[in-house]
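Below is one structure, written out as structure tokens; comments come after it.
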Amino acid sequence: MKKFLAVFLIACMAAACVASVSTAAGNVTTDASKLSFDPSLATQGCIGFTNNTTATVVEDDTEAGYSLKLTSKSPYTDPFTTIYYNKYVSTVLKLTPPQANDVKYIVVKCRSEFCMNNVFEIFYCTSGGVSNPTGGYSVVSNFEMDTDEWQYVVFNMSSAKGWSGTISQLRLDWEQNASGAGESMYVNQLIFAKNAEELLEYTKPAEGTGEDLHALTEAQQALAEKLIADAADTAPEVPNEPLTAEYEDPALLMWFDHSYYKTPGECVTHNGQYTYQMRLAKNETECAQMVLASSQAYEDLTVEVSDFVNSGASLKPVIYYGYYFDDVEGQSIVDPIPELREPISLSANKSQMFLIKIKTTKDTPAGQYSATLTVKDKDGKEIKKANVYAYVWNFTLPDASNVKTLADLGWYSIYAMDNVNGTLYGDDNGCKCGQDSPYHAHSGLTYKNYYDTLLENKVNAYGLPYVREAEYGGGDSFEVGVIKEYLDDPRVQAFNPIGYSKAPTNDNITRAYNFLSVKDEWLEKAYFYTVDEPMDKNALDKVRNHANLIKSIWGSNYKLITPMHWNSLYDREYKLDAFEYVKGYVNIWCPHTFFFNTYADKQANPLLTYRCYKRLEENLGTFPERMAAEQAKGNEVWWYVTRYPHYPEITLSISDPAVDHRILFWQQKLYNVDGFLYYSVNDWYQKASDGTWGWDKKKEVSTDSFTPYTVYGNGVLVYHGGKIGRMHEAVESIRLEQIRDGIEDYDYFVLLDERFGEGTSDLLIKQVTTSLGNFKSDIDLFTQIRIAVGNMIEQGPKGMAGDINRDGSTDNQDVVALFKYVSGGKVDPLDPAACDCNGDGSVDNLDVIELFKYVSNPSRVIYYGGVAAGEPYTYNGVTVTLPKGFSIYEPDGVPTAKGPDSESDVFNFATDAGKTIHGLGAADFVALYKNQGFTDASCTNWKEYEIDGKNAKRGDFTLVAGDAATFATVVIIEADAGDIMISFARTSDKYERQFNAVIDSIKIG
């Protein structure tokens, strides 16, 4: 399969100095693909048929040569002028014009002056289309208003209707609506590009200005490479040698590949991989791809794989086979992947791919697992054999992913498809089909089957199973019980509390609130989605009205998500756009991914989608900056894709490389986006192109002048099992697999930042992608970085004094971890050398006190190892240079340096008092502080606090002694007798939030 390298080699754009893209010798164009203008153009009858426009060729002081100046005469709709392109190029210039079939992009180099509308439309006439400009034969693009800068406006002709043959006319409708006279557009050049690479070559900026705006600096790149190099690969190397089956068939080829590569059906050449080693964490799902191919056909092949085994522990695999859609951009490409349950046939000269899937649990032992895969012929003879491996890293992914998701699972599509096959689904297990209507919303077991398939792949549907039209509690006890089970499931992080497309009425919202308010965490999962892609002010007003209604019932903690596809200005000062208009009403922002492109990004790469304005950025900040400000207020930022965006950005089309779908979530982490929304997972055609319903490549082509596209599988991530005789089952897609794996990758990056410090993940992600339009669909590079990230998380950062949990920082969590350790807790320190914080050669309660002092006052000194601060020290094969202010004790326990330790220190405890910390209860802890003179210590405002199902207590203390300006907050968590954990933070809003997050994450026991 052709691998689209959606990386625009910006480095190449700076390779040559091009002060102007004009190739005119004087004023004469020498290349018909880069058309310039000269004063004789109009007099030779090559410009004409204008509408409310004066069209003159003027000498342009800001650009070498001349420009075609188009100026409005009065207020008017669609001012335009016509260029008789073929006449000018063929007759006047005596050049050979390019054929429309060979031109994918028309690019207009232009600048606007006093324009009040930014819509530019080109009508075209060709020998293969129409002879006169007419509706349907045009392409639309946007330009930047109110700027003197030259810009490249790109018109994508790849799906334009009738764009073939000789290009005869181009009508430039340079502004949709002129508000008055004197609005002007200067057109310096028309560029006809065959492909994206040629376009970028034509439009590259002057030397030195075309570098990747988001690339790492040399120092950052060096640090990234060092981190990767330092993370030794702990997985055993596996031999890449073929095994010989008992009845080996040399005519049948078998090889392995990554699950994020779509092997096309036409690929029948062995890739040299005779085995495969999966890498995954605990509580993760991962796959390996196996491919069979031969020049001869086989019938009834059986593919089996044994359990993956490691010293008594085992993982049970499931095998899926790929179903190919023919002619996806000229190739046979897999998307549906049904579970393999029966023998399968192999066509001659066409490959067949399989996926081997395993899932670990939180309790899966780390280490190397191995299994044996066999292929048997129709007589049961073993004709192919291979070993397959899985290495489980020693860390665990969370049940509740760091990426929240939402997508529509259309119940009507499911049950209507069932009905087409004549089998409305009803049984004694809670399915309500046939009651009151043939289809009863989400209350059927089939809907639950589909929902569970999505949930296993970390996608949440808008509607929970068994919730009938927002009638919470309206069903029987079975239904209500199932709803509550889902609400308590940590994997369920988002749903629409009134159901998608249901009216946000007072009754619906109140009914949902009354049911969900039993638990705060149920309310936290409720995301209202009432208006889809508001395109005008009326729709935005509806959003505001809905927000006010929801808030009146739900309170200020409501969550309203509004996908934003378009952006409009609502003032002349560039300070009020669609996003500003609903600020304070929408609190879950959900723009299309392309909104995160900036004006600078668009200037560097004209192919990017950009729907903001330069002046808007100057007044309000770039879109990423605006969204970061919303997050700082406590709001969430999501994003989504549909049919858009297009190359060079990522969407979820079947025709795209599988690895791109996974990279999308690397980009999501890079842009710090909280959630991912996809409009539908089963938007099946009722009459599919191959005669099926619910099982189709769903090719969609639009020749719309403004939004042309060709996409496959939009809105379909699962297929209806009826096609293969599995009526009530959802069949997963290879794209759904990539979404799940991409979400798990996001969780990896969160763990990486937790252990190595915020921003570490950016260093690794930017080895693959630096921005939305700059990424590498390089399977080998992607694999290298993913493995490096897993190794880094497993091994942790190099040692640091007081960094007990090896997360790359010394903070409150380390105090908790060390206190639990010296109190006989179950958590062992990951770095023993970091534990002796007072440098006396032993690890005990005194070290807890010393670490507490340091966290409360980082100017103090704690210890690690055996040499003075600033000098390299090797421990357990790891060389460490301590940060400033840290010192190391000698092996005999005599410290080489010691920090200040005066009686006036706020946290200077007497030795005897320090020893009593072990096993203290809450009252003892308060007494300890009072004995040290902290008379303000009190035990007020206790709150019941449940962690891991056990009741604990949380109390706030304010300690003031010695230096009255020094404050600290002490929080005690007490579960069972003798099992106390403490954590500390300075009193400020910032540290309080960090501290509470620490407390909330603590596990008792």
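The values are calculated or read from the model by the stated rules, or taken from the named source; none is laboratory data. Remember, it's a predicted structure, so these values are computed and weren't measured experimentally. Every residue, glycine as well, gets a Cβ built from its backbone with ideal geometry; the counts of neighbours run over all protein chains shown. These accessible areas exclude ligands, DNA and RNA; they are computed on the full protein's heavy atoms, side chains included. Shrake-Rupley method; radii C 1.70, N 1.55, O 1.52, S 1.80 Å.
The residue list 84, 105, 76 contains one member that is touching a Cys at 6+ places or on another chain (Cβ under 8 Å) and either buried (at least 17 other Cβ atoms within 10 Å of the Cβ) or not charged (D, E, K, R) (or both), which is 84. Here segment 663-679 is the region considered, the condition is being closer than 14 Å to residue 402 by Cβ and part of a loop (DSSP other than H, G, I, E, B), and the residue that is least open to solvent (accessible area, probe 1.4 Å) is 673.
Candidates are the residues of segment 557-576 that are out of contact with any helix residue (DSSP H, G or I) (no Cβ under 6 Å at 6 or more places or on another chain) and open to solvent by less than 10 Å² (accessible area, probe 1.4 Å); the one that is farthest from residue 404 (Cα to Cα) is 564.
Selection of first residues in segment 54-65 that are of a type in the set (Ser, Thr, Tyr) and of second residues that are buried (at least 16 other Cβ atoms within 10 Å of the Cβ) and modelled with pLDDT of 80 or more, restricted to Cβ pairs under 7 Å at least 6 apart or on distinct chains, gives the following pairs, ordered by first then second residue: 54/71; 54/73; 56/69. Restricted to segment 330-362, and to residues that are open to solvent by 60 Å² or more (accessible area, probe 1.4 Å) and within 28 Å of the chain's Cα centre (by Cα), which residue is nearest to residue 308 (Cα to Cα)? Filtering first and then ranking leaves 359.
Within segment 484-499, if we keep just the residues that are part of a loop (DSSP other than H, G, I, E, B) and charged (D, E, K, R), the residue that is nearest to residue 518 (Cα to Cα) turns out to be 489.
Apart from one condition, residue 272 fits all of (1) loosely packed, with under 14 Cβ neighbours inside 10 Å; (2) farther than 20 Å from residue 779 by Cα; the exception is (2).
Count, please, the residues in segment 245-267 that happen to be in a loop (DSSP other than H, G, I, E, B) and either under 23 Å from residue 662 (Cβ atoms) or more than 33 Å from the chain's Cα centre (by Cα) (or both).
16
Would you check if there is a residue in segment 171-181 being of a type outside the set (S, T, N, Q) and in contact with a Cys (Cβ under 6 Å, 6 or more places away or on another chain)? Yes.
So, in segment 731-761, how many residues would count as being open to solvent by 20 Å² or more (accessible area, probe 1.4 Å) and at negative phi? Give the steps one after another, and end with the answer.
Step one: of segment 731-761, the residues open to solvent by 20 Å² or more (accessible area, probe 1.4 Å) are 732, 750-751, 754-759.
With at negative phi added as a condition, the list becomes 732, 750-751, 754-756, 758.
Matching residues across segment 731-761 total 7.
One residue stands out in segment 701-729 among those that are over 24 Å from the mean Cα position of the chain (by Cα) and not in a loop (DSSP other than H, G, I, E, B): the one that is nearest to residue 156 (Cα to Cα), namely 702. Listed by first and then second residue, the pairs with beta-carbon distance under 9 Å, at least 6 apart or on different chains, first residue in segment 182-200 and on the phi > 0 side of the Ramachandran plot, second open to solvent by less than 10 Å² (accessible area, probe 1.4 Å), are 182/72.
Go through segment 133-163 and give me each residue that's open to solvent by 30 Å² or more (accessible area, probe 1.4 Å) and in contact (Cβ under 8 Å) with a residue 12 or more places away in the chain. Within segment 133-163, 133, 136, 137, 142, 146, 148, 149, 150, 152, 156, 158, 161 qualify. Only one entry in 488, 536 is open to solvent by 30 Å² or more (accessible area, probe 1.4 Å), at pLDDT 95 or above and acidic (Asp, Glu), namely 488. Of the numbered criteria (1) closer than 18 Å to residue 715 by Cβ; (2) under 14 Å from the mean Cα position of the chain (by Cα); (3) touching a residue at least 60 places away in the same chain (Cβ under 8 Å), the one residue 641 fails is (3).
In segment 28-58, the qualifying residues are those that are more than 18 Å from residue 90 (Cβ to Cβ) and assigned to a loop (DSSP other than H, G, I, E, B), and the one that is modelled with the highest pLDDT is 52. Confirm whether residue 312 is surrounded by 20 or more Cβ atoms within 10 Å (Cβ to Cβ) and touching a Pro at 6+ places or on another chain (Cβ under 9 Å). Judged against the criteria, residue 312 is not a match.
The selection criterion, being open to solvent by 10 Å² or more (accessible area, probe 1.4 Å), at pLDDT below 95 and touching a strand residue (DSSP E or B) at 6+ places or on another chain (Cβ under 7 Å), holds for residue 699. Each residue in segment 777-792 was checked for being surrounded by fewer than 20 Cβ atoms within 10 Å (Cβ to Cβ) and part of a loop (DSSP other than H, G, I, E, B), and 1 pass.
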